[in-house]
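Below: one structure, written as structure tokens.
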Amino acid sequence: MLTPTQLTAIDQHLRKENWLLNEELIDELKDHYTEGIEERLSQGMAFDVALREIQAGFGGRKGLLKMEEDFQVHNHRKIGQLEWKFVRSFMHGAKWPFTVCLFVSLYAVNVYTGEEDIVRTGLSFGFVLVTVSVLVNVAQSLYFFYWNRNEVNQAVGQPSSPVYITTYLLGMSLLLLNKYGFAKYGSSFPNSAVLLLETLLETLCLVYYAAIALATRQILLKERNNRLPKAT
């Protein structure tokens, strides 16, 4: 067993000497360092020598920093996958009644209070965020489709919600067509149809925000549980 002083030295080695910041990665590396140093100490190696040997095994400071970069990229992808998992649950999973109720509520607000402009303005940034996310997801699916030699299963297997993406892009396309296409010829959708499409996009925007909130909550709870002292 390592002494508290040695454990502190490992922590300082990772944080101050190697400039690591990610707490989850630091915790994993401390476990690896502890196990490796204990094994080397049992063979008669000095603590400092064992510490440097393990660091060298990771490629030194440069290797550890690259590991942290890869670790953060992987975590970012996991967050995105978790977000789309919740989006699917809102569209064709256990939470779909919430989406229906949200649509009905927003439609009632738009129709009976006349506050559709305020709702649209409040969600304007959200539309940009969701549109970018949807387009990136489509691009990723196409990338995996061609990268895996046109394997449909590989493309479909990417974290997404085809129902959500199709509905969002169709609604957005119809509104753009109505505004910039039909208007040139003196024709347009009825106001009721435009209001339905706008309410649909508002609903999808809030669904995406709800998915982000749930994903963030799950990640924070997981991090908190990981930091709680384990029962012995």
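I'd like to check something: does region 39-59 contain any residue that is touching a Lys or Arg at 6+ places or on another chain (Cβ under 8 Å), under 20 Å from Leu220 (Cα atoms) and either of a type in the set (Lys, Arg) or open to solvent by less than 50 Å² (accessible area, probe 1.4 Å) (or both)?
Within region 39-59 (the criterion being touching a Lys or Arg at 6+ places or on another chain (Cβ under 8 Å), under 20 Å from Leu220 (Cα atoms) and either of a type in the set (Lys, Arg) or open to solvent by less than 50 Å² (accessible area, probe 1.4 Å) (or both)), the answer is no, since none of the residues qualifies.
Considering only residues of region 128-163 that are at pLDDT below 70 and not in a helix (DSSP H, G or I), which is nearest to Gly80 (Cα to Cα)?
Pro159
Of these, Ala183, Ala211, which one is closer than 30 Å to Glu28 by Cβ, in a helix (DSSP H, G or I) and either at pLDDT below 85 or open to solvent by less than 80 Å² (accessible area, probe 1.4 Å) (or both)?
Criteria check complete, one pass: Ala211.
Confirm whether Leu177 is assigned to a helix (DSSP H, G or I), modelled with pLDDT of 80 or more and open to solvent by 50 Å² or more (accessible area, probe 1.4 Å).
So Leu177 passes the test.
Give, as residue ranges, the helices (runs of 4 or more DSSP H) completely inside region 10-119 that count at least 1 residues that are at pLDDT 90 or above and under 26 Å from Glu202 (Cα atoms).
60-92, 96-112
Does Arg88 fit the bill of being under 30 Å from Tyr209 (Cα atoms), open to solvent by 30 Å² or more (accessible area, probe 1.4 Å) and in contact (Cβ under 8 Å) with a residue 12 or more places away in the chain? Lay out the reasoning, then the answer.
Working: under 30 Å from Tyr209 (Cα atoms): yes; open to solvent by 30 Å² or more (accessible area, probe 1.4 Å): yes; in contact (Cβ under 8 Å) with a residue 12 or more places away in the chain: yes.
Yes: the conditions hold for Arg88.
So, Gln55, is that one among the polar types (S, T, N, Q) and within 21 Å of Leu7 (Cβ to Cβ) or not?
Against the criterion (among the polar types (S, T, N, Q) and within 21 Å of Leu7 (Cβ to Cβ)), Gln55 qualifies.
The values are calculated or read from the model by the stated rules, or taken from the named source; none is laboratory data. Since we're looking at a predicted model, the values are computed, not measured. Backbone-built Cβ (ideal geometry, glycine too); neighbour counts: all protein chains shown. For accessibility, only protein heavy atoms count, side chains too; no ligands or nucleic acids. Shrake-Rupley method; radii C 1.70, N 1.55, O 1.52, S 1.80 Å.
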